[in-house]
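Only one structure is covered here, and it is reproduced in the block below.
The values are calculated or read from the model by the stated rules, or taken from the named source; none is laboratory data. Just so it is clear, the structure is predicted and the values come from calculations on it, not from any experiment. Every residue, glycine as well, gets a Cβ built from its backbone with ideal geometry; the counts of neighbours run over all protein chains shown.
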Amino acid sequence: MVEEGFLDADEYARTLAATDDRDLAAARQARLHLLQRSAATFADVATAEQWQEFEQFVAKEGEWLNDFALFTALAERLGTAEWNRWPAPLARREPAALEDARRELADSIQFVHYVQYQFARQWRALHRYANERQIRIFGDIPIFVAYESADVWQHQDLFHLDEQGRRTVVAGVPPDYFSATGQLWGNPLYRWDVMSRDGFAWWVARLRHSLELFDLIRLDHFRGFEAYWEVPSDAESAVHGKWVPGPGRTFFEVVERQLGSLPLVAEDLGLITPEVLELRDACHFPGMRVFQFGFDDDYLGQYHRPHSYPELSIAYTGTHDNDTARGWYLANAHSDVGHRVRTYLSSDGGNIHWDMIRSVGGSAATVAIFPLQDLLGLDASARMNVPGVGAGNWRWRYTSEQLTPALAERLASLTNETGRG
């Protein structure tokens with residue numbers, strides 16, 4: 001929006017500087033106000049060519065955009081995104097009620113169209129800028145979607161819902177490395193049998209859109225395509241669930257016939273069975289290997305130690321769900337885990353994050369990923385996310401001063417030494 005002149009760049013910068021992300025509601029309101037001003041300016045001064053581009057975007061993306069915009073406008077008007085609490089004609093998507101709402105909320109819908117248009121055009125510019133510099137953008141597709149979403153409201157027949165639109169079963173994972181009681185995600189589960197009748201059209205559209213945004217895509221919770229953990233909707237934890245078969249190889253065969261070869265990475269962490277690995281390998285998707293998972297046990301941990309990484313894999317010192325490399329090591333330094341790490345790396349622990357980075361970088365994995373927190377050697381206070389915890393995540397930020405020439409030179413040197421140039 002700034003570069004097109006629909007919002008004053010200086011005012012934009014001042015507003016962002018004045019909003020404290022710790023007060024999320026105030027920050028959101030301030031930025032929303034800026035977007036509304038930008039949209040109003042666009043409506044007043046946009047050229048015929050700009051209007052045409054905007055209208056072409058709305059027409060091209062209409063299959064998802066129109067219902068998303070209406071959903072967003074209705075949620076704002078009715079004060080909740082829990083669509084099953086809306087008036088019944090709207091919750092059931094009765095055509096007359098939807099048409100009345102589109103007419104009454106036309107301005108709000110137009111605003112959502114505008115914001116999505118500006119995001120799309122700016123993302124395309126960023127994507128092109130990156131690709132021109134031989135940088136690929138690695139995206140992510142969560143396997144499940146939120147209940148309070150246009151996706152579920154628009155396609156209620158594709159999810160396990162009762163006659164009132166309430167979830168009957170929900171997604172989660174059983175107890176694992178991250179949580180003794182599992183993780184109760186609460187997402188509605190797919191009716192895969194219904195989805196298969198039209199060739200998984202909803203999923204095909206979702207993947208097609210993501211392929212326009214990203215060069216490589218991590219398919220989150222890949223094991224759910226082989227079998228997923230089904231939990232009763234009234235459960236208080238994910239402990240008492242059951243495994244239910246997913247769509248398996250058939251799903252990917254159908255999708256590939258429509259979209260071609262898929263640049264997907266299977267997020268195959270957690271409780272993984274031989275059947276999940278067989279599905280991953282049958283699809284020729286790289287899996288994930290994480291250094292931090294390799295040292296809890298001398299035998300079972302070998303799978304995640306760098307010497308065992310196959311070429312068809314994506315290797316990490318740690319993912320966004322892990323502690324930082326240094327934070328993880330410090331928490332385990334005086335345990336058997338810490339001893340195994342030091343022995344494996346031939347390290348005294350003094351520069352442990354770079355020792356881990358070098359080990360992962362020197363593996364056979366096709367791609368090696370190092371979180372910025374690990375390159376900076378930050379402790380647990382810089383952790384990105386704690387799975388299953390509903391607050392305080394995704395708040396870490398770096399400053400430009402931290403990205404020093406010395407850091408760039410060190411990373412470049414290691415990249416060349418490990419043959420990843």
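Things to note:
- Asp296 assigned to a loop (DSSP other than H, G, I, E, B), at pLDDT 95 or above and not basic (Lys, Arg): no
- Residue check, Pro274 without any contact (Cβ under 8 Å) to a residue 12 or more places away in the chain and closer than 30 Å to Gly199 by Cβ: yes
- The residue that is surrounded by the fewest Cβ atoms within 10 Å (Cβ to Cβ), counting only those in the stretch 168-205 that are of a type outside the set (S, T, N, Q), in a strand (DSSP E or B) and out of contact with any His (no Cβ under 7 Å at 6 or more places or on another chain), is Gly186.
- Filtered residues of the stretch 278-299 (kept if farther than 24 Å from Asn187 by Cβ and surrounded by 15 or more Cβ atoms within 10 Å (Cβ to Cβ)): Pro286, Arg289, Phe291, Gln292, Phe293, Gly294, Phe295, Asp296
- Leading residue by the ranking (nearest to Ser179 (Cα to Cα)) among those in the stretch 224-254 that are touching a Lys or Arg at 6+ places or on another chain (Cβ under 9 Å) and without any contact (Cβ under 8 Å) to a residue 60 or more places away in the chain: Trp229
- Applying a threshold of 8 Å to beta carbon distances and a minimum spacing of six or more residues, or different chains, the list of pairs starting in the stretch 379-391 at a residue that is without any contact (Cβ under 8 Å) to a residue 60 or more places away in the chain and ending at one that is of a type in the set (Val, Ile, Thr) reads Asp379/Thr324; Ala380/Thr324; Ala382/Thr324.
- Scanning the stretch 125-139 for residues that are loosely packed, with under 14 Cβ neighbours inside 10 Å and out of contact with any helix residue (DSSP H, G or I) (no Cβ under 8 Å at 6 or more places or on another chain) yields Ala125, Leu126, Arg128, Tyr129, Ala130, Asn131, Glu132, Arg133, Gln134, Ile135.
- Selection of the stretch 211-266 for residues being farther than 26 Å from Val169 by Cβ and among the small types (Gly, Ala, Ser) yields Gly260, Ser261.
- Residue in the stretch 209-231 that is of a type in the set (Gly, Ala, Ser), under 20 Å from the mean Cα position of the chain (by Cα) and either assigned to a helix (DSSP H, G or I) or buried (at least 16 other Cβ atoms within 10 Å of the Cβ) (or both) present: yes
- Screening Gln118 against (1) in contact with a helix residue (DSSP H, G or I) (Cβ under 9 Å, 6 or more places away or on another chain); (2) closer than 23 Å to Leu219 by Cα; (3) in contact (Cβ under 8 Å) with a residue 12 or more places away in the chain leaves a single unmet condition, (2).
- Look at (1) crowded, with 16+ Cβ neighbours inside 10 Å; (2) within 24 Å of Arg136 (Cβ to Cβ) and you find that Gly388 fails only one, number (2).
- Every condition in (1) farther than 30 Å from Thr41 by Cβ; (2) surrounded by 13 or more Cβ atoms within 10 Å (Cβ to Cβ); (3) out of contact with any Leu (no Cβ under 7 Å at 6 or more places or on another chain); (4) not aromatic (Phe, Trp, Tyr) holds for Asp100 except the one numbered (1).
- Screening Pro175 against (1) at pLDDT 95 or above; (2) more than 19 Å from the chain's Cα centre (by Cα); (3) more than 16 Å from Ala91 (Cα to Cα) leaves a single unmet condition, (1).
- The stretch 117-159, subset of a type in the set (S, T, N, Q) and farther than 20 Å from Asp67 by Cα, residue farthest from the chain's Cα centre (by Cα): Gln134
- Selected residue [more than 18 Å from Arg31 (Cα to Cα) and exposed (fewer than 13 other Cβ atoms within 10 Å of the Cβ)] from Pro95, Pro89: Pro95
- Candidate set from the stretch 185-202 (those that are modelled with pLDDT of 95 or more and either under 16 Å from the mean Cα position of the chain (by Cα) or of a type in the set (S, T, N, Q) (or both)); member that is nearest to Glu63 (Cα to Cα): Ser196
- Considering the stretch 310-362, the residues that are assigned to a helix (DSSP H, G or I) and small (Gly, Ala, Ser) include one that is farthest from Asp374 (Cα to Cα), namely Gly338.
- Elements of type helices (runs of 4 or more DSSP H) in the stretch 1-111, at least 3 residues being modelled with pLDDT under 90: 9-18, 24-45
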